[in-house]
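Visitor: Take this structure first; my questions come after.
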Amino acid sequence: MDKSRELTNIINELYELTGRLEAMYPGRHFTPDGHLVGSIGEVFAAERYGISLFTASSETHDGKTPDGRLVQIKATQRRAVAISSEPDYLLAFSIDDRGQLTEVYNGPGRPVWQLVSGRKRPKTGQYQVSLARLRRLNEGVSPEERIPPVA
């Protein structure tokens with residue numbers, strides 16, 4: 001099979017899979033334009049931590065934990081996540097090339113926001129926070145400040 005036809009087949013499969021994901025999780029968008037990775041992180045967090053998700057693209061927070069905490073959820077395949085405002089709590093995940101999600105940060109949003117809030121706001125309105133910095137901050141988060149996984 002020539003590459004062009006194979007590419008077309010793969011793209012068709014990708015859109016079929018994203019359609020299936022959207023049917024499983026109404027209100028989430030899995031479009032391959034950037035929403036895909038973010039929505040994967042959000043539904044992963046919803047399943048793992050029992051988070052009730054808000055409508056897609058809600059400002060500042062993506063959902064609420066079973067104990068009532070407001071949380072922003074970030075996922076990336078790159079070296080940084082983008083934040084544009086201070087969340088009450090933040091869950092950040094790294095997704096590897098096999099689709100495995102790893103928790104990078106789980107804790108209050110304030111320490112993360114303090115890393116960027118003094119900087120000049122980028123044109124996009126979103127500050128980049130490296131996963132390396134998030135991992136270092138995560139080491140100082142106490143167990144009671146973390147969002148616990150559901151059983």
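Visitor: Straight distance only, please: which aspartates and glutamates reach the Cα of Lys3 with their own Cα at less than 14 Å, same-chain residues fewer than 8 apart left out?
Guide: Those aspartates and glutamates meeting the cut-off do not exist here.
Visitor: Further question: Per residue, how much space in cubic angstrom lies within the convex hull of the C-alpha atoms of the chain? Walk me through the intermediate numbers first.
Guide: On the way: hull volume 20.0 nm³, N = 151.
It is 133 Å³ per residue.
Visitor: Taking 0.36 nm per residue of sequence separation and subtracting the Cα-Cα distance, how much length would be gained by fully extending the chain between Ala23 and Arg69, in nm to one decimal?
Guide: Details: separation 46, 0.36 × 46 = 16.56 nm, distance 2.70 nm.
Here the segment from Ala23 to Arg69 would lengthen by 13.9 nm.
Visitor: Among Leu90, Leu17, Leu36, which one moves the most in a GNM of the chain with springs linking Cα atoms closer than 10 Å?
Guide: In the Gaussian network model the winner is Leu17.
Visitor: For the chain, what does the accessible surface come to per residue with a 1.4 Å probe? Please give it in Å².
Guide: Values: 9340 Å² over 151 residues.
Dividing the accessible area of the chain by its residue count gives 62 Å².
Visitor: Still on this structure, please answer the following. Spin-label point model (7 Å from Cα, Cβ direction): what's the Arg136 to Asn9 distance in nm?
Guide: Using points 7 Å along Cα→Cβ, the separation is 4.8 nm.
Visitor: Which longest uninterrupted range of the chain lacks any trypsin sites (Lys or Arg not before Pro) assigned by DSSP to a loop state (not H, G, I, E or B) and surrounded by at most 11 other Cβ atoms within 10 Å? Walk me through the numbers on the way to the answer.
Guide: On the way: sites that count: Arg79, Arg98, Arg119, Lys120, Lys123.
Answer - 1-78.
Visitor: So, one more: Report, please, the projected area of region 82-151 averaged over directions, based on the convex hull of its C-alpha atoms, in nm².
Guide: Working: hull surface 23.2 nm².
Reported value for the Cα convex hull: 5.8 nm².
Visitor: Considering only protein heavy atoms and a 1.4 Å probe, what is the carbon-and-sulfur percentage of the accessible area of the chain?
Guide: Working: 4650 of 9340 Å².
Ligands and nucleic acids excluded, carbon and sulfur reach 50 percent.
Visitor: Continuing with this model, one more query. Work out Dmax and Rg for region 1-67 from the C-alpha atoms and quote the Rg first, both in angstrom.
Guide: Rg and Dmax of region 1-67, Cα atoms, are 14.8, 53 Å.
Visitor: Right, another one. Can you tell me which aspartates and glutamates have their Cα less than 16 Å from the Cα of Lys64? Leave out same-chain residues fewer than eight positions away.
Guide: Glu42, Glu47, Glu86, Asp88, Glu145
Visitor: Using a 1.4 angstrom probe on the protein heavy atoms only, line up Val71, Val37, Val150 by accessible area, largest first.
Guide: So, going from the largest accessible area down, we get Val150, Val37, Val71.
Visitor: Can you run phi through the Karplus equation (6.51, -1.76, 1.60; θ = phi - 60°) for region 92-99 and list ³J(HN,Hα) in whole Hz, with x for Gly and Pro?
Guide: Karplus values, whole Hz, x for Gly and Pro: 10, 10, 9, 10, 7, 6, 9, x.
The values are calculated or read from the model by the stated rules, or taken from the named source; none is laboratory data. Only a predicted model underlies this, so the values are computations on that prediction, with no experimental measurement involved. Cβ atoms come from the backbone with ideal geometry, glycine included; neighbour counts cover every protein chain shown. Surface areas here come from the heavy atoms of the whole protein model, side chains and all, with no ligands, DNA or RNA. Shrake-Rupley method; radii C 1.70, N 1.55, O 1.52, S 1.80 Å.
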